[in-house]
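Down below is the structure, laid out as structure tokens.
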Protein chains: 2
Amino acid sequence: MTSTGHLRILGLGPGPLAWRTPEVETALAEAEHVFGYTPYIARLPATISAQRHASDNGDELLRARAALQLAASGARVAVVSGGDAGIFGMASAVFEAIDQGEAAWRDLDVLVLPGLSVMLAAAARLGAPLGHDFCVLSLSDRLKPWSIIERRLQAANHGDLALALYNPASQSRRQQLEQALACLRQGRGDETVAMIARDIGGADERVAITSLGALNPADIDMRCLLLVGSSTTRLITRPGRAPLVYTPRHYP
Amino acid sequence: MTSTGHLRILGLGPGPLAWRTPEVETALAEAEHVFGYTPYIARLPATISAQRHASDNGDELLRARAALQLAASGARVAVVSGGDAGIFGMASAVFEAIDQGEAAWRDLDVLVLPGLSVMLAAAARLGAPLGHDFCVLSLSDRLKPWSIIERRLQAANHGDLALALYNPASQSRRQQLEQALACLRQGRGDETVAMIARDIGGADERVAITSLGALNPADIDMRCLLLVGSSTTRLITRPGRAPLVYTPRHYP
């Protein structure tokens with residue numbers, strides 16, 4: 001039987017509704033089932049009629065398989081991520097499940113609907129720290145060896161690339177951040193601009209501008225994104241206003 | 001005199017209104033003047049009352065200064081980019097103008113409003129090629145020396161990072177793409193997944209999935225974004241549907 005179901009993998013954007021695309025709002029309204037990490041399910045519009053399937057962080061593959069199963073049985077299913085689903089979000093987990101799963105899942109009508117990425121929202125709050133070439137890494141070694149993370153940090157140092165670092169630390173995972181900072185300080189120098197963006201778009205939003213040398217790892221938790229400048233990243237100080245950080249379009 | 005004007009630097013998102021955030025729509029409705037590259041000004045809603053100031057590609061700093069001047073004189077001004085203004089967009093140009101410009105410009109109420117980036121929209125059309133660590137580079141050597149571009153490509157090769165390459169070529173700038181491809185083929189091997197995304201969200205949208213070895217530079221023009229996989233990027237073939245490309249969350 002050819003399924004009439006479909007799967008939409010979508011990004012809610014960080015925080016406020018003003019950052020959610022109309023395309024995503026429409027897909028949520030059309031869905032019969034929505035799957036996602038519990039805090040993202042909590043952010044769904046109260047008005048949608050879909051059945052909500054909340055699950056924990058770390059259950060991505062199980063969540064993806066359950067969503068695919070329902071879609072293959074004929075239901076209109078959405079899988080949600082915060083920010084954009086394509087950047088350290090659910091899209092790769094769903095495709096991994098399709099790649100390894102039932103042949104029927106390849107027949108499904110599957111689309112990724114892009115969302116506003118938290119890294120772009122964080123950068124906007126700070127100015128334009130990612131306004132020139134940059135690199136996006138997750139510091140979590142849950143799914144990859146630390147050696148590849150270190151190699152990528154060194155590569156970013158060698159290329160003098162600004163950095164957006166996802167998952168910089170959690171309550172239990174602290175040592176990796178210390179090692180990453182040591183690698184970055186060695187490659188870039190203590191004066192390099194460093195920025196902490198926490199809960200962007202949420203109730204506890206805050207941004208802090210500091211330097212690699214002065215950055216205190218204790219200020220970073222799992223709700224933070226850590227941004228690091230290149231050698232050209234600059235601060236504009238302003239009387240009575242927060243400084244602006246930007247990476248110029250020109251390279252000397 | 002303290003100015004009552006403001007400046008909003010905003011990203012229209014690529015193409016369709018369904019990809020534009022409500023925050024940006026509101027800012028456009030409130031603006032008295034909107035500055036931008038001619039094709040982006042053409043994409044503004046017909047309903048807004050703002051005076052439109054269209055200018056050519058390459059005039060970014062002049063455009064930024066004119067916008068700042070008007071905002072400092074008390075007007076509500078918006079500067080628009082396609083996609084997100086913080087990624088190779090107008091945000092860095094405006095901050096460069098503030099950094100080098102009149103002291104009064106530092107007193108201005110300036111905000112960046114993030115938008116849906118074309119690279120995330122392109123990735124979504126293809127699957128999730130940027131679903132793991134990646135690097136974002138512009139191949140244009142208009143504002144930086146080719147040596148730094150080559151160094152960054154080599155760094156990305158060394159770190160086995162997926163790539164989103166902006167400005168891969170223009171009508172007159174062809175040689176750089178050949179050099180970049182040679183560097184990528186040498187560092188990654190001919191079998192690496194390569195993807196061309198053209199005019200995403202526009203009337204001429206198309207995506208093509210190929211390999212570094214098979215990629216034909218003649219298929220790339222200034223409206224293209226070039227995506228390149230890491231060693232782990234995979235293709236899911238599907239009967240009767242386009243393949244999906246994804247970079248797994250796991251690293252072997």
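The values are calculated or read from the model by the stated rules, or taken from the named source; none is laboratory data. Note that this is a predicted model, so its numbers are computed, not measured. Glycine gets a Cβ as well: all are built from the backbone with ideal geometry, and neighbour counts include every protein chain shown.
Quick notes on this structure:
- All of A:A29, A:A46, A:A54, A:A71 fail the test of being surrounded by fewer than 22 Cβ atoms within 10 Å (Cβ to Cβ), at pLDDT 95 or above and more than 26 Å from A:S138 (Cα to Cα), apart from A:A29.
- Applying the condition of being β-branched (V, I, T) and either more than 26 Å from B:Q171 (Cβ to Cβ) or surrounded by fewer than 24 Cβ atoms within 10 Å (Cβ to Cβ) (or both) to region B:83-102 and asking which residue is farthest from the chain's Cα centre (by Cα) yields B:I98.
- Residue count for region B:11-46, restricted to those that are not acidic (D, E) and not in a loop (DSSP other than H, G, I, E, B): 19
- Residue match in region A:229-246 (condition: in a strand (DSSP E or B), hydroxyl-bearing (S, T, Y), at the interface with chain B (Cβ under 10 Å from one of its Cβ atoms) and free of Cβ contacts under 8 Å to residues at least 60 places away in the same chain): yes
- Scanning region A:182-205 for residues that are closer than 17 Å to A:P217 by Cα and either touching a Cys at 6+ places or on another chain (Cβ under 7 Å) or part of a helix (DSSP H, G or I) (or both) gives A:A182, A:C183, A:L184, A:R185, A:Q186, A:I196, A:A197, A:R198.
- Taking the listed residues B:S73, B:S55, the one that is free of Cβ contacts under 8 Å to residues at least 24 places away in the same chain and of a type outside the set (F, W, Y) is B:S55, with no other qualifying.
- Scanning region B:123-133 for residues that are more than 7 Å from chain A (Cβ to nearest Cβ) and assigned to a helix (DSSP H, G or I) gives B:R125, B:L126.
- Residue list for region B:1-46, filter: among the small types (G, A, S) and within 12 Å of another protein chain (Cβ to nearest Cβ): B:G11, B:G13, B:G15, B:A18, B:A27
- Listed conditions (1) free of Cβ contacts under 8 Å to residues at least 60 places away in the same chain; (2) over 19 Å from A:H158 (Cβ atoms) are all met by B:V193, apart from (1).
- Screening B:V136 against (1) assigned to a helix (DSSP H, G or I); (2) within 16 Å of B:L165 (Cα to Cα); (3) touching an Asp or Glu at 6+ places or on another chain (Cβ under 9 Å) leaves a single unmet condition, (1).
- Selected residue (only one of B:A156, B:A162 is among the small types (G, A, S), buried (at least 19 other Cβ atoms within 10 Å of the Cβ) and in contact with a Gly (Cβ under 6 Å, 6 or more places away or on another chain)): B:A162
- Verdict on A:E30 being over 19 Å from B:G83 (Cα atoms), in the same structural domain as A:S73 (by TED's automatic domain parsing) and of a type in the set (D, E): yes
- Filter result for A:R20 (touching a residue at least 60 places away in the same chain (Cβ under 8 Å) and not small (G, A, S)): yes
- Candidates A:A194, A:A203, A:A164, A:A156, filtered to the one that is under 21 Å from A:W19 (Cα atoms) and in contact with a strand residue (DSSP E or B) (Cβ under 6 Å, 6 or more places away or on another chain): A:A164
- B:A164 at the interface with chain A (Cβ under 9 Å from one of its Cβ atoms) and touching a Leu at 6+ places or on another chain (Cβ under 7 Å): no
- Test for A:E23: is it at pLDDT 95 or above, assigned by TED's automatic domain parsing to the domain that holds A:A93 and touching a Lys or Arg at 6+ places or on another chain (Cβ under 9 Å): no
- Residues (in a loop (DSSP other than H, G, I, E, B) and within 8 Å of another protein chain (Cβ to nearest Cβ)) located in region B:139-153: B:L143, B:K144, B:P145
- Only one of A:A67, A:A85 that is under 25 Å from B:G115 (Cβ atoms), among the small types (G, A, S) and in contact (Cβ under 8 Å) with a residue 40 or more places away in the chain: A:A85
- Residues in region B:103-144 that are free of Cβ contacts under 8 Å to residues at least 60 places away in the same chain and over 16 Å from the mean Cα position of the chain (by Cα) were compared, and the one that is surrounded by the fewest Cβ atoms within 10 Å (Cβ to Cβ) is B:A103.
- Within region A:209-224, being closer than 19 Å to A:D190 by Cα and assigned to a strand (DSSP E or B) holds for A:I209, A:T210, A:S211.
- Lone qualifier among B:R206, B:R173 - being more than 25 Å from A:F134 (Cβ to Cβ) and either among the charged types (D, E, K, R) or loosely packed, with under 15 Cβ neighbours inside 10 Å (or both): B:R206
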